[in-house]
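Shown next, in structure tokens, is the structure this report addresses.
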Amino acid sequence: MGVLQLKEVCYTYQTQYQKVEALKGISTSFDAGKVYAIVGKSGSGKTTLLSLLAGLDLPTQGEVLCHDTSTSQMQLEQYRREQVAVIYQNFRLFPLLTVAENVMYPMELRGTSPKQAREKAAVLVERVGLPETVLNRYPTMLSGGEQQRVAIARALGMDTKILLADEPTGNLDTANSENIFSILRSLAHDDGYCVIIVTHDRALADQADDVLELRDGRVVE
Ligand SMILES: Nc1ncnc2c1ncn2[C@@H]1O[C@H](COP(=O)(O)OP(=O)(O)OP(=O)(O)O)[C@@H](O)[C@H]1O
Ligand SMILES: [Mg+2]
């Protein structure tokens, strides 16, 4: 009973000069309440897989199912807005907005009133272990680890139950990586999120509930 399921998913990049078969028949499923690590060498297809889960594109063959509905049957824009939240390696916070405004942004896009959004932002910032005082600061006034926690808080404001992260600890030292991972794990185990992380960090992957290793576009058993 997976929240997300992949059925024989293939993805081919078609460039002007060549075809790159990045995914060659991936079948697997992801449940709520668990942390998954996607690992594999550079070029093995990790980001491509995450992009399909994020609804940035459709598989060229096979299906990605979310709650049993194929993403090919959905409006991808709506899927991205309502079903999945994505966290990036380089945080991608808006530099000219305060922390509070960054976290409020997706909520306001969804029609939440500014007052409610601000209250919720305060709760979410606390949820990721940051003091309330960061709310009025700008992202550049925070450390990398703190910025990543803000990015997680912002993703939580999307009110989706699927969190996707491409190298969320890639720019962080060991202590900060552990901290970010423990937040993501708590979101899965305590709050029922389905958390899927792409990581190069084997030590981190070993702490996930399940590891999906890719090699040359296929799952290594
Ligand atoms: N836009 C693109 N056009 C053509 N080929 C691409 C494109 N993006 C990725 N590829 C190719 O698809 C394959 C998988 O790439 P992908 O980015 O998914 O790998 P990855 O596992 O995320 O690697 P990394 O660990 O370096 O981030 C690689 O052979 C890559 O060269
Ligand atoms: Mg990648």
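Some values worked out for this structure:
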quantity	calculated
Set of the stretch 137-181 residues, backbone N closer than 16 Å to the point 7 Å along the Cα-Cβ line of Leu96	138-140
Fluctuation leader among Ile26, Ile162, Ile38 - the chain, Gaussian network, Cα springs under 10 angstrom	Ile26
Value of relative contact order over the chain, rounded to a whole percent, pairs C-alpha under 8 Å and six or more apart	31
Pair Ser186, Val20: separation of 7 Å Cα→Cβ label points (nm)	3.8
Ranked list, fewest to most other Cβ atoms within 10 Å of each Cβ, for Ser42, Ser51	Ser42, Ser51
Degrees, to the nearest 10: 144-156 long Cα axis against longest axis of the chain	80
The stretch 94-156: relative contact order in percent, alpha carbon pairs under 8 Å with at least 6 residues between	46
Nearest-ten-degree value, helix 99-109 long axis tilted from longest Cα axis of the chain	60
Burial ordering of Leu135, Leu156, fewest other beta-carbon atoms within 10 Å first	Leu135, Leu156
Sequence-distant residues sharing a close amide H with Ile87 (under 5 Å, placed H)	Leu164, Ala165, Asp166
Cross-link pairs beyond the 19 Å C-alpha cut-off, checked among Lys46/Lys161; Lys7/Lys161; Lys120/Lys161	Lys46/Lys161; Lys7/Lys161
Calculated from backbone phi, Karplus (6.51, -1.76, 1.60) coupling profile of the stretch 213-218 in Hz, x at Gly/Pro	9, 9, 9, 6, x, 10
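Computed from the coordinates by the stated procedures, all read-outs in this text should not be read as laboratory data. Please read these numbers as outputs of a predicted model, since none were measured by experiment. Glycine also receives a Cβ, built like all others from the backbone with ideal geometry; neighbour counts cover every protein chain displayed.
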